[in-house]
Amino acid sequence: MIRCIILMLCLLGYLCMGCSRGTEANVTNGYEDEPVCGGITDLTDHDAPKEIQSDEINDYYARFYSSWRWMGEDDHFFEFSVKHDENGQLTVYENYSGNHVPADEELLSSLQAVIRKYKLTSWNGYYKTTAGLPPEFQPCNLNVNYVSGEHLRFTMDNDPDAEWVEDTYTIMADWFAAHGNDALRPTRPASVVTRLNFDYQDPETDYSFHTGMPDSEEYGKLPPDLLKNVTAVFDKYDVLIKYDFSIYNHDSGRIDNHEEGFYGFGGDHPDHSEQNLPDTHLDIYAEFDDGDRINIMTSKASELEQMRPMIEELMDVCGR
């Protein structure tokens, strides 16, 4: 819904500026005329097969913009390629950042699983774009060549909320990180927790720890390294990244995942029919010295099961 509203406002703005809408680009002698603002370029190959038998990828290329995944604050564009380098080594590249690490069949199999999961072969041969759209809606591309000689290719107006895009990013970011390169992870300031409210209850546990306000007498009595140690626990479990990456709910098309108790610990695709656990609740409120803050409140088993090691470490740091 959010994406549709933005797109409608954008197109209305272009219409008001005198741009034509729905105009087909002309192709003469194989050369495409530059489409006017809002014009459509349609070079779709309607005969391209919509099923591909092979699962063995030879080389891979994808370019897209993701609203909910990023490297830096303004780095939402990604361009990935997996191919053999000049020495014959299979390598994965992120072309915008210039980073690359070795690849192998495991990575290609993971990318093929995304293609199968989201039935991307149904778009094979599609080529239809709209000129003059904002960056997040400008063309995305997928080009995959298989060992069998089959091909998967499409170009379309980007969907910045697409789930296959997020899954592809996650696979790539995890692969780079596993090879010692965190360049695809969001860049964040080295912030430190300055305030913490931490409450956890289940049938066997009733735990509460509050630092108090920074100007309070209670706060002044905290152990010197306590908040640095709390920060280290958050960093260890990628709390801030999970928190930021988990806000959007693909089922509702709204930014309400946190309201429903999902924060990315239980996976990128939560089951929104999951019920709350009885007599079990986690509440973490933290403020950081750069002005950032998080507020985690959940009773979801899928989240709490994965948070358990972090919860235990926070209890150890804050004191049992």
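The values are calculated or read from the model by the stated rules, or taken from the named source; none is laboratory data. Model, not experiment: these values are computed from the prediction. Cβ sites come from the backbone with ideal geometry, for glycine too, and all protein chains shown count toward neighbours.
Looking at this structure, is Glu305 charged (D, E, K, R) and in a helix (DSSP H, G or I)? Explain how you work it out, then say what you get.
Numbers: charged (D, E, K, R): yes; in a helix (DSSP H, G or I): yes.
Criteria met by Glu305.
Where the second residue is loosely packed, with under 13 Cβ neighbours inside 10 Å and modelled with pLDDT of 95 or more and the first is assigned to a loop (DSSP other than H, G, I, E, B) and lies in the stretch 86-101, which pairs have Cβ atoms under 9 Å and are six or more apart or on separate chains?
Gln89/Pro102
Could you look through the stretch 74-116, keep only residues that are over 17 Å from the mean Cα position of the chain (by Cα) and among the charged types (D, E, K, R), and pick out the one that is surrounded by the most Cβ atoms within 10 Å (Cβ to Cβ)?
Filtering the stretch 74-116 for residues that are over 17 Å from the mean Cα position of the chain (by Cα) and among the charged types (D, E, K, R), the one surrounded by the most Cβ atoms within 10 Å (Cβ to Cβ) comes out as Lys83.
Is it the case that the stretch 268-278 has a residue that's part of a helix (DSSP H, G or I) and of a type in the set (S, T, N, Q)? Give the steps one after another, and end with the answer.
Of the residues in the stretch 268-278, the ones part of a helix (DSSP H, G or I) are none.
For the stretch 268-278, residues part of a helix (DSSP H, G or I) and of a type in the set (S, T, N, Q): absent.
For the stretch 242-255, check the following and say yes or no: at least one residue is on the phi > 0 side of the Ramachandran plot and free of Cβ contacts under 8 Å to residues at least 60 places away in the same chain.
Our first condition is that a residue be on the phi > 0 side of the Ramachandran plot; within the stretch 242-255, this holds for 253.
Narrowing further to those that are free of Cβ contacts under 8 Å to residues at least 60 places away in the same chain: none.
No, that holds for no residue.
State whether one or more residues within the stretch 154-169 are more than 17 Å from the chain's Cα centre (by Cα), buried (at least 18 other Cβ atoms within 10 Å of the Cβ) and either outside the structural domain of Thr298 (by TED's automatic domain parsing) or basic (Lys, Arg) (or both). It would help to see each step written out before you state the result.
To start, the set of residues in the stretch 154-169 that are more than 17 Å from the chain's Cα centre (by Cα) comprises 154-157.
Among the residues that remain, those that are also buried (at least 18 other Cβ atoms within 10 Å of the Cβ) are: 154-155.
Cutting the leftovers down to either outside the structural domain of Thr298 (by TED's automatic domain parsing) or basic (Lys, Arg) (or both) gives us 154-155.
Yes; the residues of the stretch 154-169 include at least one that is more than 17 Å from the chain's Cα centre (by Cα), buried (at least 18 other Cβ atoms within 10 Å of the Cβ) and either outside the structural domain of Thr298 (by TED's automatic domain parsing) or basic (Lys, Arg) (or both).
Given (1) touching a helix residue (DSSP H, G or I) at 6+ places or on another chain (Cβ under 7 Å); (2) closer than 23 Å to Pro203 by Cβ; (3) free of Cβ contacts under 8 Å to residues at least 60 places away in the same chain, identify the lone condition not met by Glu305.
(1)
Which one of these is among the hydrophobic types (A, V, I, L, M, F, W, C), at pLDDT below 95 and more than 30 Å from Pro49 (Cα to Cα): Ala178, Ala190? Before the answer, list the steps.
On the way: Ala178 fails: at pLDDT below 95.
So the residue among Ala178, Ala190 that is among the hydrophobic types (A, V, I, L, M, F, W, C), at pLDDT below 95 and more than 30 Å from Pro49 (Cα to Cα) is Ala190.
Being touching a residue at least 12 places away in the same chain (Cβ under 8 Å) and farther than 23 Å from Thr44 by Cβ is true for just one of Leu120, Leu152, Leu184. Which residue is that?
Working: Leu120 fails: farther than 23 Å from Thr44 by Cβ; Leu152 fails: farther than 23 Å from Thr44 by Cβ.
Within the list Leu120, Leu152, Leu184, the selection yields Leu184.
Restricting attention to the stretch 292-320, and to residues there that are more than 21 Å from the chain's Cα centre (by Cα) and charged (D, E, K, R), which single residue is surrounded by the fewest Cβ atoms within 10 Å (Cβ to Cβ)?
Restricting to residues being more than 21 Å from the chain's Cα centre (by Cα) and charged (D, E, K, R), the top hit is Arg320.
Identify all residues within the stretch 225-241 that are under 15 Å from the mean Cα position of the chain (by Cα), surrounded by fewer than 19 Cβ atoms within 10 Å (Cβ to Cβ) and in a helix (DSSP H, G or I); write none if there are none.
Here is the first cut: in the stretch 225-241, the residues under 15 Å from the mean Cα position of the chain (by Cα) are 238-241.
Of the ones still in play, those that are also surrounded by fewer than 19 Cβ atoms within 10 Å (Cβ to Cβ) are 238, 240-241.
Selection gives Leu240, Ile241.
Across the stretch 276-291, which residue is nearest to Asp206 (Cα to Cα) among those that are at pLDDT 95 or above, surrounded by fewer than 17 Cβ atoms within 10 Å (Cβ to Cβ) and under 25 Å from the mean Cα position of the chain (by Cα)?
Asp283
Every residue in the stretch 117-151 that is under 22 Å from Trp68 (Cα atoms) and not in a strand (DSSP E or B), please.
Within the stretch 117-151, Lys117, Tyr118, Lys119, Leu120, Leu133, Pro134, Pro135, Glu136, Phe137, Gln138 qualify.
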